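Peer 1: Below: one structure in structure tokens.
Nothing in this text is a laboratory measurement; each read-out follows from the coordinates by a stated rule. Everything numeric in this text was worked out from a predicted model, so none of it was measured. Cβ placement follows ideal geometry from the backbone for every residue including glycine, while neighbour counts extend to all protein chains displayed.
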Amino acid sequence: MNLILLGPPGAGKGTQASHLQKTFGLAKLSTGDMLREAAASGSELGNHVKGIMAKGALVDDEIMIGLIRERITQPDCQNGFILDGFPRTLAQAEALDVMLKQVGTPLDYVIELEVQDDILVERISGRFSCAKCGEGYHDTHKQPATRGVCDACGSTEFSRRADDKAETVAKRLEAYHAQTAPLLPYYESQGVLASVDGMADIAEVMGQIEAILRP
């Protein structure tokens, strides 16, 4: 079973991918992880990727497709894979389809986690964590039991990610919708697109996805 998870930053793709990995025995393929693994591999392609990354340049679509092609031949992909973070554009989706057809590994499902932008901005921009142990909190949904004191380790120091600011999140969402909107009709025309309510509780989203995969 081969899947793509689509959804903006903060929609919960990573959480759902981890659950599907355990439940269905699928390999979770993150583009970031693949790039780092390739750069450390010492292979010809990996050395090329390492050089590009060392210059701070972006890895082009052709190389990314090549990395995915190599990755899905590995033993842990025998039962299938979940792509998280790729494709992001229509050109990438088309190139991915060509490659998957060449190796005889077509996509079975593309699952979109639908979200409401305003709620997602609030969800992400309200996040903060303990600077000492990393325990996660939220301005609205999960404050420490004793205000200003970490429940897990008792630290009084907290931090927020710079890219979790409301303005930054809003810009990332704009970019996601601009790039990804064309993917939805593209995959819908292939009969592989399914959408779930990404704003529901984590367990409920899991249930919706499993209902799609186990009709």
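Peer 1: Quick check: net charge around residue 46, other residues with Cβ under 14 Å of its Cβ, Lys/Arg +1 and Asp/Glu -1?
Peer 2: Every neighbour counted, the sum reads 0.
Peer 1: Pull up all non-local amide H partners of residue 4: gap of 5 or more, or a different chain, and H-to-H distance under 5 Å with H placed in the peptide plane.
Peer 2: 83, 109, 110, 111
Peer 1: Follow-up. Counting Lys +1, Arg +1, Asp -1, Glu -1, what net charge surrounds residue 203 among other residues with beta carbon under 15 Å of its beta carbon?
Peer 2: Here the count lands on -3.
Peer 1: Now a separate question. In degrees between 0 and 90, to the nearest 10, how far off the longest principal axis of the chain does helix 90-102 point, with axes built from Cα atoms?
Peer 2: In the chain, helix 90-102 runs at an angle near 50 degrees to the longest axis.
Peer 1: Return the sequence-ordered ³J(HN,Hα) values of the range 114-130 in whole Hz as given by the Karplus equation 6.51 cos²θ - 1.76 cosθ + 1.60 applied to θ = phi - 60°, using x for Gly and Pro.
Peer 2: 6, 9, 9, 4, 5, 5, 5, 4, 5, 5, 7, 5, x, 6, 8, 9, 5
Peer 1: Moving to a separate point now. Ordered by residue, what ³J(HN,Hα) values in Hz, to whole numbers, does the range 147-164 give under the Karplus form 6.51 cos²θ - 1.76 cosθ + 1.60, where θ = phi - 60° and Gly and Pro are x?
Peer 2: Computed from phi, the couplings for the range 147-164 are 3, x, 10, 5, 4, 7, 10, x, 5, 10, 9, 10, 9, 10, 6, 4, 7, 9 Hz.
Peer 1: In square nanometres, what is the average projected area of the Cα convex hull of the chain?
Peer 2: One quarter of the hull surface, i.e. the mean projection, equals 13.5 nm².
Peer 1: Any idea how far the Cα center of the range 141-215 sits from the one of the range 11-53, in Å?
Peer 2: After rounding, the separation between the Cα centres reads 19 Å.
Peer 1: Still on this structure, I have one more. Rounded to the nearest 500 deg cm²/dmol, what is the calculated helix-only ellipticity per residue at 222 nm for the chain, with -39500 (n - 2.57) per DSSP H run of length n ≥ 4?
Peer 2: -14500 deg cm²/dmol
Peer 1: Here's another thing I want to ask about it. Over 27 Å between C-alpha atoms is what I'm after, so list which of 28/101; 22/171; 22/132; 22/55 land there.
Peer 2: From 28/101; 22/171; 22/132; 22/55, over 27 Å: 22/171; 22/132; 22/55.
Peer 1: What number do you get for the range 151-211 when its Cα radius of gyration is normalised by 2.2 N^0.38 Å, N = residues?
Peer 2: 1.68
Peer 1: How are the C-alpha pair distances of the range 41-112 spread across 5 Å bins, as whole percents from the shortest bin up?
Peer 2: 3, 13, 25, 24, 19, 11, 4, 0
Peer 1: Follow-up question, since we're still on this one. Over the chain, what is the relative contact order in whole percent, taking alpha-carbon pairs under 8 Å and six or more residues apart?
Peer 2: Computed over the chain, the figure is 27 percent.
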